[in-house]
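These notes are about the structure you will find just below.
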Amino acid sequence: MILHHQFITIAKENKKKIAIKDMMTGSIVPYERAMIGSFILARKFKAYKGKYIGIMIPTSAGSMLACIGALIAGKIPVMINFSTGAEENSEYAQKRCGFETIITSQALLDKIKCPLMPGMVCIEEIMKSVSVGDKLGAALKTMLPVRTIINSFPKADIDDTVVILFTSGSEEEPKAVQLTHRNIGSNVLGITECMKLTKNEIILSILPLFHVFGHTVDFWLPLSQGMTAVTYANPLEYKKIPVISREEKCTMMAATPIFLSGYLRESNTGDFESLWLVVVGADKAPDWLRKGYKEKHDIELLEGYGTTETSPVISVNRIDNNRPGSIGQLLPGVEVKITHIDTGETLTAGKEGKILVRGDLVMKGYLDDTKTKEAIEDNWYYTGDIGVLDEDGFLWHKGRLKRFVKIGGEMVSLVKTESVLETVLPEGVDCCVVDVPDRTKGSILVAALTGEIDPAEILAELSGKLPPIAIPKKFVFLEELPKMGSGKTDFKTITDIVREKVKKQ
């Protein structure tokens, strides 16, 4: 499906139904008003040069309608991460994609103390320029037949790029991922089918739209399927989110483990009573988090798996078929094969190797980047992850290949070391294991911890649970483990910090 065409079709069928309830501004936006807003913004956006237009607005009615408006205007929205350095990321996006205009919010710039940079246009100023004629023209347009409205837009094809999203940069420089209508649309339909979603869903939309998890699940899923999105711009307000869920009677929420742990801690019994579906992704869900939600809220967390390059969802556990610890079964229409790390040979069920994915969810490619050829071969996308596909079709994530290190000729999983280390650490102490170059051994493992421990005691407990080469040789103490804006662990920053600390020891 062509997403903005689908939005118009749904909006015409559900004019009075609430499309977006913006909890930051108090705005209640029915589908008809959402159409009017997107038409007005499209007309304004046409004045800006080039086919790309940056969007740097927190999750809200404004950010969603800006994305739709950009597409209606024949532009491609480029989503900019403002949580990890707005100035730097804006300049990077402009240079990488070759555009100037960035639609942002003065309220956001003030909050994050970012100056108004060249090319930035504040949506507050755009809205002040909206005339009575603009509003009347947009309103009259909504009265036309769906096909007439769509025919008034620039022509669009299902394989046209619908958004540019940047990879997290947790391991290397961010890449500009081109996702098409076919990519995101197939993911939306796959999620809807396997989760048995209906138009009655009220989705708690809290994830940033510059992250693919939020862009697909919190934005396009509800607005292309006639659901309601209840938006809140700051997922880190752990006390506020449970209250919103309770008061708005939300039925579905998708979040990362770090966000869900905060909500678990700050929520009260009954806050999540209306939620029948809670999906966790973007990072591994620990057992204690699953247990905590079951005991406090009688909610089964359903873990899923995906990547920016796959729109994102590859697999997810289902309400009626949940295998805790796995990352679920494949979405409809998605193929996965596991191949040998060294030879590339396709492996049978139960054997561990590289995870490759094929289907309509796989990106068009990286923008003007030769790495596309490294990532996609014969339509198979290599995720960079290691995993196992069992005989029942459940996928098990074993870690990033880049989070494996060769020590003494053996491949050692940093994720496996972390998992075992977590079982012997005191409660409340987080860990991240990195490899550090060593003159004599090539590499050694060093554990970054967020609390004081007795190294000798921890090492004694690890003995016998891990092979000697997989046991950390040193410990480094940090106040907290750096996170990406999406809530994912920032492995690149942690590795840099740890290596610098070890160098100074």
Original post:
When you scan region 237-309 for strands (runs of 3 or more DSSP E) that lie fully inside it, which ones turn up with 2 or more residues that are in contact (Cβ under 8 Å) with a residue 60 or more places away in the chain and of a type in the set (A, V, I, L, M)?
Top reply: 277-280
Original post:
Before we move on, is THR9 part of a helix (DSSP H, G or I) and either free of Cβ contacts under 8 Å to residues at least 40 places away in the same chain or surrounded by fewer than 19 Cβ atoms within 10 Å (Cβ to Cβ) (or both)?
Top reply: yes
Subject >> Residue selected from region 223-267 under the condition polar (S, T, N, Q) and over 18 Å from the mean Cα position of the chain (by Cα), by the criterion farthest from ALA61 (Cα to Cα) >> reply: SER267
Subject >> Selected residue (only one of ILE57, ILE53 is of a type in the set (Val, Ile, Thr) and closer than 21 Å to ALA19 by Cα) >> reply: ILE57
**OP:** Identify, from the list LYS337, LYS354, the residue that is within 24 Å of ALA176 (Cβ to Cβ) and either in contact with a Leu (Cβ under 8 Å, 6 or more places away or on another chain) or part of a loop (DSSP other than H, G, I, E, B) (or both).
**Re:** LYS354
Original post:
Does any residue of region 356-378 turn out to be of a type in the set (Gly, Ala, Ser), modelled with pLDDT of 95 or more and in contact with a helix residue (DSSP H, G or I) (Cβ under 8 Å, 6 or more places away or on another chain)?
Top reply: yes
Original post:
Can you pull out the helices (runs of 4 or more DSSP H) entirely within region 391-505 that have at least 2 residues that are in contact with a helix residue (DSSP H, G or I) (Cβ under 9 Å, 6 or more places away or on another chain) and closer than 30 Å to GLU335 by Cβ?
Top reply: 414-424
Original post:
Here are some conditions: (1) part of a helix (DSSP H, G or I); (2) surrounded by fewer than 24 Cβ atoms within 10 Å (Cβ to Cβ); (3) within 19 Å of the chain's Cα centre (by Cα). PHE82 meets all but one. Which one does it not meet?
Top reply: (1)
**OP:** Within region 156-172, work out how many residues are at pLDDT 95 or above and not β-branched (Val, Ile, Thr).
**Re:** 5
Original post:
Is region 164-171 home to any residue that is closer than 20 Å to VAL313 by Cα and assigned to a helix (DSSP H, G or I)?
Top reply: no
**OP:** For GLY451, indicate whether it is surrounded by 14 or more Cβ atoms within 10 Å (Cβ to Cβ), over 13 Å from ILE407 (Cα atoms) and modelled with pLDDT under 90.
**Re:** yes
Original post:
Does THR383 satisfy being closer than 18 Å to PHE166 by Cβ and in contact (Cβ under 8 Å) with a residue 40 or more places away in the chain?
Top reply: yes
Subject >> Of all residues making up region 360-388, the number that are farther than 22 Å from PRO332 by Cα, not in a strand (DSSP E or B) and not hydrophobic (A, V, I, L, M, F, W, C) >> reply: 7
Original post:
What's the number of the condition PRO332 fails, among (1) surrounded by fewer than 17 Cβ atoms within 10 Å (Cβ to Cβ); (2) part of a strand (DSSP E or B)?
Top reply: (2)
Subject >> The listed residue being crowded, with 22+ Cβ neighbours inside 10 Å and β-branched (Val, Ile, Thr), out of ILE28, ILE68, ILE18 >> reply: ILE68
Original post:
If you check LYS135 against the conditions, is it among the basic types (Lys, Arg) and assigned to a loop (DSSP other than H, G, I, E, B)?
Top reply: no
Subject >> Single residue of region 177-212 satisfying the filter (part of a helix (DSSP H, G or I) and among the hydrophobic types (A, V, I, L, M, F, W, C)) that is surrounded by the fewest Cβ atoms within 10 Å (Cβ to Cβ) >> reply: LEU189
**OP:** Residue by residue through region 134-151, note down the ones that are within 14 Å of GLY74 (Cα to Cα) and surrounded by fewer than 11 Cβ atoms within 10 Å (Cβ to Cβ).
**Re:** ASN151
Original post:
Across region 90-117, what is the number of residues that are crowded, with 17+ Cβ neighbours inside 10 Å and either farther than 17 Å from SER63 by Cβ or touching a strand residue (DSSP E or B) at 6+ places or on another chain (Cβ under 8 Å) (or both)?
Top reply: 14
Subject >> Single residue of region 118-132 satisfying the filter (in a helix (DSSP H, G or I) and in contact (Cβ under 8 Å) with a residue 60 or more places away in the chain) that is surrounded by the fewest Cβ atoms within 10 Å (Cβ to Cβ) >> reply: ILE126
Original post:
Taking region 372-404, which residues are more than 13 Å from SER326 (Cα to Cα) and of a type in the set (Gly, Ala, Ser)?
Top reply: ALA375, GLY384
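Out of ASP298, ASP218, ASP271, report the one residue that is over 27 Å from LYS175 (Cα atoms), of a type outside the set (Val, Ile, Thr) and out of contact with any helix residue (DSSP H, G or I) (no Cβ under 7 Å at 6 or more places or on another chain).
Only one candidate passes the filter, namely ASP298.
Can you confirm whether region 395-413 contains a residue that is free of Cβ contacts under 8 Å to residues at least 12 places away in the same chain, out of contact with any Cys (no Cβ under 8 Å at 6 or more places or on another chain) and within 28 Å of LEU356 (Cα to Cα)?
yes
The values are calculated or read from the model by the stated rules, or taken from the named source; none is laboratory data. Note that this is a predicted model, so its numbers are computed, not measured. Quick reminder, even Gly has a Cβ in these numbers, built from the backbone with ideal geometry, and neighbours come from all protein chains shown.
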